Structures are given as C-alpha cells and as structure tokens.
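A.B. asks: Attaching a single structure in structure tokens format; questions to follow.
Each reported figure results from applying straightforward, stated rules to the coordinates on display, with no laboratory input. Nothing here was measured: the structure is a model prediction, and the numbers come from that model. Note: ideal-geometry Cβ built from the backbone for every residue, glycine included; neighbour counts use all protein chains shown.
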Amino acid sequence: MKVLIVGSGGREHAIAWKVAQSPKVDKIYCAPGNAGIAEYAECVEIGAMEFEKLADFAKQQEVDLTVVGMDDPLVGGIVDVFESKGLRVFGPRKDAAILEGSKAFSKDLMKKYGIPTAAYENFDNAEDALDYLETAKFPIVLKADGLALGKGVLICNTLKEAKEGVKEIMTDHRFGSAGNRMVIEEFMTGREVSVLSFVDGKTIKTMTSAQDHKRAGDGDTGLNTGGMGTFSPSPFYTKEVDEFCQKYIYQPTVDAMAKEGREFKGIIFFGLMLTADGPKVLEYNARFGDPEAQVVLPRMENDIVEVFEACIDGKLDQVDLKFEDNAAVCVVLASKGYPVSYEKGFPIKGLETFKGKDGYYVFHAGSKFQNGEIVTNGGRVLGVTAKGEDLKKARANAYEAVKWIDFENKYYRSDIGKAIDEAE
Ligand code: AMP
Ligand code: GLY
C-alpha cells in the first residue's frame, strides 16, 4: 500500500513512524513533512491547505490511503475534496470537523444532548458579550469560536481583564476570523486529561489516556504553547472515570453527531477536566493531539493502518484496540523564546544516539535539512519520548534521552510528569 500523510509536526512524525510499522505499507509520502519524517517517508513540497494539489498528487502516485494529521485542513474540508475524487482518506468531513472548528457549535451540541461541560453563552457581537460580563462571576473563560493555534482561550480574573479580552477577540481580531463569534464559559478547576479515540461514524474506541503540559514554563507558568510535553497513561484517569466518560461523553458525542447528520469518522480528541462534579468536556479536537500522539502511538499494539481502514469502512466494532501495559513520557525540546520569538537554523546534534534504542524515540516537530545537516526550524523542535515499565521510569528515561540532543538555544521544561508524584 501507498500512504500519504498530511502535516509536518511531531504528531505527523509519530503517525508516520507508526504507519511504517505496518506490514501492509510499502511506501509513505508526507506533505510537506520535515527532516525527521524523511526517514520513513518521501517528503513532498505541497502545503497542507493545497487540497487540489494534494489530491492530484495522490491520484498520480496511486496513493491508497491519505491520513490527515492537522486541524486546519480537516476543518477546511480536505476530506470532502479527496472523497469527491474517489480517494480513500482518513479524517472527518468538513461538516463533522466543525466539532473542533467551532467552539460555539460544540457547546450547543453538548447542551442539546446533555453531555457534561461548563455552563456557557455564545456571542456574535462585542456589545452583548460586554453586557453579559457585567453580571458574570469571575474568573471566567473567553474562547474565540474558531481555530486559533490553541491560543484562543483567555482566562480572566476580573471584569476589567474580561472586557479587554472581549475587545481583543471581537474588536481587535487578535485571532482573525476565529473571533467573529465567541463563547464565554464558567471557569472550572480540576485535573486535565486528553483522551483520543477512533470513530467510524457509529462505533468509538478510545485509546489510552494522556496529559499535556500547555504552559511554556516549569510549574505551569508562562504563556500557553502548542504543548511542552506529555505522559501516558494519566494516573488520574481511573476505571470509574473511564466508565463515566464512556457512558455520558464518548458514545453520546458520536451519536449526537450522527443524529445531526454530521457522521464523524476519524479521531475525536476529548479534552477533559476531572472536576469535583465529575468529568466535563473542555474541548473537542478532530485529530490526534500534539504531543499526545507522541506518547500514545508508541504504546499502541495494533497495526494502525488496519484501524484507519476499519474507521473508513464502518467496521471499527471488529477491532480490538490494544495498548502496552507500560508508560511513556515525551519532553518537547523547543527553541528558547518559544512561543513568542526565537531563532532558527541551528544544527541539531545527537540524533543518531536514538538509532536502535528500543523504547526511545525522537519525533521532529520543527526541523529541516540545510547544507547536508539537520537544523532547527521551529519553536517546537523535537519531542523526545521514552517508554518505561511505569510512569516514573518512563520519565527518568525521557530526561536521560533529552541529554543526548544538543542544539543552540535548546529549551525544555524540567517538570514534565511532575503530577505523577502527586498521584501517590
Ligand atoms: P481549550 O482550547 O478549550 O482546551 O482550552 C485551553 C486550555 O484552557 C485548557 O486546556 C484549560 O487549561 C483551559 N480552559 C479551557 N476552558 C476552561 C474552563 N472552562 N475552565 C478552566 N480552564 C479552562
Ligand atoms: N496537545 C493539545 C492539542 O493537540 O491540541
């Protein structure tokens, strides 16, 4: 089989690595890819939003399956374009990817179908939002409706901050058209857990849990980022929590989308908060998490291509999804200054140390070839993942492997997985 992967980050590297394990696959392409993905795939210089070019390429090369890693092309309708040309593709169509593409849509869906989430109101103009704030309780959470690179959420402690937030989102358009509408919702407290799942339109099978670290600095300080590290499984995601979520959140979400005529096929990523009143949905994503994929996929036992195909064919009920009984930790190596401003183009040393070391992986997020060398090419540069028989061993292994890599301005959080100690 020939497989095309769309995307260029650490998540797509993890997907490419996992697809490469499949005995069914003899050729992988990745558009646009990066220097790490190039180890498994032929990287093709077509952007993830160039749907027609991508589909033409897939036709020409007789690609059997396309897997879309990123949110933007999914929300933009890449799956519809591929399907209209008779190409097999894994991911939700545009009318289903709206689950991630519009927070107002997802909140209304949850309300309509009784899926637990924070209380909220949607707004499509700044005046109404400002009026509403006058009687609101603080802290309060403001969310731009559309995709905003994970940065469209503002937690405001005072009325003044919240008013400024509404202005930023709706008047100054800091997140562009993503802020044409907004959600204002109740502030919740609790542990966060990411649960990724495969969905075939009817059946949902969840993967092992994970936890992300979104803030740039140790102790969850500093700005929000795309994710600075993950661990899997989450010790807080107990059997009881899982049972609750399976019954009241996961299957109800899939059924709700089907009832709305928006059958969802692909990945649903549930961002959950474990509150004192039980688990609630913070957000939905319509794709693998980044860097959740980098800890979940190395623990997955199945041939991922078989699972992708089962989702497309509506046969996920026949798949027995299995994960190893161990743990994994991913530490993101970023460029100093991320997520604001940072320099690029520094040679990355030590990548070869990972070769042949079982249970250690280096997934590239922002790298490229330059004059025969691999150099830094982004804010997040690499995700170093290590497995271990338990979370503590995995964490120790990951931080050991972090030392194998060197590049100028290398920055990482030193407390990824600290929550593991609090679980005891
Ligand atoms: P989201 O993109 O909706 O997951 O929001 C990004 C981050 O903002 C989440 O991971 C939480 O840390 C935080 N957040 C979002 N919604 C809420 C909420 N209602 N209460 C507290 N924190 C929230
Ligand atoms: N790690 C969070 C996300 O992928 O959105």
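A.B. asks: Kirkwood Rh over alpha-carbon pairs of the range 133-206, then Stokes-Einstein at 4 °C and 1.567 mPa s: what D in µm² s⁻¹, rounded to an integer? Could you put the intermediate results ahead of the total?
C.D. replies: On the way: Rh = 13.9 Å.
In µm²/s, the coefficient is 93.
A.B. asks: Further question: Rank the residues GLU389, GLU161 as a footprinting-exposure proxy: fewest other Cβ atoms within 10 Å of their Cβ go first.
C.D. replies: Going from sparsest to densest Cβ surroundings: GLU389, GLU161.
A.B. asks: Report, for the chain, the % of DSSP beta bridges that are antiparallel, rounded to 5.
C.D. replies: Close to 80 percent.
A.B. asks: Let me ask something else about it. What net charge is computed for the residues neighbouring PHE407, neighbours being all others with C-beta under 12 Å from the C-beta of PHE407, Lys and Arg scored +1, Asp and Glu -1?
C.D. replies: For residues surrounding PHE407, the net value is 0.
A.B. asks: Could you sort out which of LYS280/LYS392; LYS322/LYS357; LYS137/LYS160 sit more than 21 Å apart by Cα distance in this structure?
C.D. replies: Working: LYS280/LYS392 27 Å; LYS322/LYS357 23 Å; LYS137/LYS160 12 Å.
Too far apart for the 21 Å limit: LYS280/LYS392; LYS322/LYS357.
A.B. asks: Arrange MET170, MET1, MET182, MET273 by Cβ neighbour counts within 10 Å, fewest through most, would you?
C.D. replies: Starting with the residue having the fewest Cβ neighbours, the order is MET1, MET273, MET170, MET182.
A.B. asks: Consider just the alpha-carbon atoms of the range 146-248 and return their Rg together with their Dmax, both in angstrom.
C.D. replies: Both quantities, over Cα of the range 146-248: 16.8, 45 Å.
A.B. asks: If you don't mind, there's one more thing I want to ask. Provide the three semi-axes, in whole Å and in decreasing order, of the ellipsoid equivalent to the range 353-420 as defined by the square roots of 5 times the Cα gyration tensor eigenvalues.
C.D. replies: Equivalent ellipsoid semi-axes, largest first: 24, 14, 9 Å.
A.B. asks: Taking neighbour Cβ counts within 10 Å as the exposure measure, how do HIS213, HIS364, HIS13 sort from fewest upward?
C.D. replies: On the way: HIS213 25, HIS364 28, HIS13 35.
So the residues, fewest neighbours to most, are HIS213, HIS364, HIS13.
A.B. asks: Project the alpha carbons of the range 221-300 onto their principal axes and report the range along each, largest first, in whole Å.
C.D. replies: 40, 29, 28
A.B. asks: Between Rg and the Kirkwood Rh of the range 79-174, both from Cα atoms, what is the Rg to Rh ratio?
C.D. replies: Checking Rg against Rh, the ratio lands at 1.08.
A.B. asks: If you don't mind, there's one more thing I want to ask. Taking a temperature of 25 °C and a viscosity of 0.890 mPa s, what whole-number D in µm²/s does Stokes-Einstein yield for the range 297-392 with Rh from Kirkwood over alpha carbon pairs? Could the numbers behind the result be given before it?
C.D. replies: Working: Rh = 15.9 Å.
In µm²/s, the coefficient rounds to 155.
A.B. asks: What do the square roots of 5 times the Cα gyration tensor eigenvalues come to for the chain, in whole Å, largest first, as semi-axes of the equivalent ellipsoid?
C.D. replies: Working: eigenvalues 193, 133, 101 Å².
Semi-axes, largest first: 31, 26, 23 Å.
A.B. asks: Also, quick follow-up: If you project the alpha carbons of the range 1-154 onto their three principal axes, what span does each projection cover, largest first, in Å?
C.D. replies: Principal-axis extents of the range 1-154 (Cα, largest first): 60, 31, 27 Å.
A.B. asks: Round to a whole angstrom and tell me the spacing of the C-alpha centers of the range 376-420 and the range 7-59.
C.D. replies: Their Cα centres are 24 Å away from one another.
A.B. asks: Can you list which of the trypsin sites (Lys or Arg not before Pro) found in the range 302-354 are DSSP loop residues with at most 15 other C-beta atoms within 10 Å?
C.D. replies: Sparse-neighbourhood loop trypsin sites (Lys or Arg not before Pro): LYS315, LYS322, LYS336.
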